[in-house]
Amino acid sequence: MHIVKVSLGDRSYDIEIGSVLGEAGARLRNLELGKKIALVTNPTIKKLYGQMLVDSLKEAGFAVMSIDIPDGEQYKNLDWANAIYTALLINGFDRKSALIAFGGGVIGDLTGFAAATFMRGVPFIQVPTTLLAMVDSSVGGKTGVNHPMGKNMIGSFYQPKKVLMDQNMLKSLPKEELLSGMAEVIKYGVIWDRSLFEYLGNNRDRILSLDPDAVTHVIRRSCEIKADIVSKDEREGGLRAILNYGHTIGHAIETAENYTIRHGYAVAIGMVYAAHLARNTGLCDASVPDRVESLIAAYGLPTNLADLSRKPAAAELMSTIQIDKKAEGGKVKFILPKNIGEVVITKEWDEQQLQELIV
Ligand SMILES: NC(=O)c1ccc[n+]([C@@H]2O[C@H](COP(=O)([O-])OP(=O)(O)OC[C@H]3O[C@@H](n4cnc5c(N)ncnc54)[C@H](O)[C@@H]3O)[C@@H](O)[C@H]2O)c1
């Protein structure tokens, strides 16, 4: 078992990584939670692992209520947050009763948002079940729901009391979901840690076949990096923005594809184009985009807009980037690599150069 600490003063918490699902109840005992726990999940995850978690919580003396959300991004909205509030109220939950998010990023974001807002905040525990949720969305405290006019438009920063990650659950994860999470892991290598980047190159087969040591290493190192960045800049005043490497173009791709593309796939393409932009901007030499592109391709992730079933027009992508620009009150900040393991946050990029790359 490995523990990664997220240091945020009185909001600090531990991420516990290992075969922890069957011990979850015992691992939550020291948090001084009330007796009642609401387990928010979806039918896919409940069927696979629900019983194991419920048994462990009951053994530890908790009274468990399950709240089931249908499976899908389209249910990450205010209506389903409201359904959670209603279930909590009907069942007499109070300010000490905790919520457990048991699922991927969709369940994590929705449950975290409900926990942040129910009675102005109740304790919340993340038990992520996808690789993306383990290495990214369950760590760092961003919670929220979608609005018909935009993704993640309603939300808050709200830290969990603990995160429990059991890598054994990844065995049932569809391959595309695993790869989507791997894109975010590759991101950490590019923005922060050259040795992680090299490890990913040297251990691809072990990672993709879910060798326990290799997968644990990847999850632990990703969590350490995200914890380090978030501890330095919880609310994205500066440094935390580097986590958005690949996300500016990635977001434009997701919008063009009407969110039918997996987040990690869009980010993978976005990272390759941002690396080429860095090179054309004179920030790095050609070896950097070459290495980023090769590693992403080695994992079977897309690297090129032409890999999409419908290649979005450059104007379409540029127009989303322009909208983001307005939201940022000026010019969009790009995260561009100077080297493997080092990026800069910059507004000094050339629109013409970007347009030529994505055409
Ligand atoms: N809060 C953040 O910082 C942050 C960061 C990145 C992404 N996100 C959000 O995360 C969401 C995407 O998360 P995701 O990629 O985990 O998708 P997801 O939650 O939709 O899960 C993907 C699919 O895998 C299934 N699944 C989950 N665990 C499984 C398992 N162990 N075995 C078999 N199937 C399993 C789910 O039921 C679902 O069908 C988006 O809403 C995105 O906005 C949030």
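The values are calculated or read from the model by the stated rules, or taken from the named source; none is laboratory data. Being a predicted model, the structure only gives us computed values, none of them experimental. Cβ sites come from the backbone with ideal geometry, for glycine too, and all protein chains shown count toward neighbours. What goes into the accessible areas is simple: the full protein's heavy atoms, side chains included, and nothing from ligands, DNA or RNA. Shrake-Rupley method; radii C 1.70, N 1.55, O 1.52, S 1.80 Å.
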Alpha-carbon Rg with Dmax, taken over the chain, Å: 20.1, 62
Theoretical ellipticity at 222 nm over the chain - DSSP helices of four or more residues, -39500 (n - 2.57) apiece, nearest 500: -13500 deg cm²/dmol
Take the Cα atoms of the range 249-316, find their three principal axes, and give me the spread along each one in whole Å, biggest first. 34, 27, 16
Would you mind getting the accessible area per residue of the range 1-106, heavy atoms of the protein chains only, 1.4 Å probe, in Å²? 49 Å²
Could you sort Arg11, Arg220 by their accessible area in this structure, using a 1.4 Å probe and putting the largest first? Arg11, Arg220
Residues whose modelled amide H sits under 5 Å from the amide H of Gly34, counting only those 5 or more places away in sequence or on another chain, are Ser97, Ala98
Rank these residues by their accessible area, most exposed first, probe 1.4 Å: Lys96, Lys347, Lys171. Lys171, Lys96, Lys347
The convex hull of the Cα atoms of the range 196-352, divided by residue count, gives a volume in Å³ per residue of 122 Å³
Give the average over all directions of the projected area of the C-alpha convex hull of the range 16-155, one decimal, in nm². 7.7 nm²
Give the accessible area for Arg194 in Å² (nearest 10); use a 1.4 Å probe, count only protein heavy atoms, and leave out ligands, DNA and RNA. 90 Å²
For Ser66, the residues 5 or more places away or on another chain with a placed amide H closer than 5 Å to its own amide H are Leu39
Per the Debye formula with a single identical scatterer at each Cα and no solvent contribution, what log10 I(q)/I(0) holds for the range 112-184 at q = 0.15, 0.17, 0.22 Å⁻¹? -0.57, -0.71, -1.00
Excluding ligands, DNA and RNA, the carbon-plus-sulfur percentage of the accessible area of the chain with a 1.4 Å probe reads 50 percent
Quickly rank 44-54, 222-232 as a protection proxy: mean count of other C-beta atoms within 10 Å, highest first. 222-232, 44-54
Charged-residue dipole, Cβ positions (Lys, Arg, Asp, Glu), the range 146-230 about Cα centre, Debye nearest 20: 220 debye
Out of every Cα pair in the range 1-74, what percent are spaced more than 20 Å from each other? 41 percent
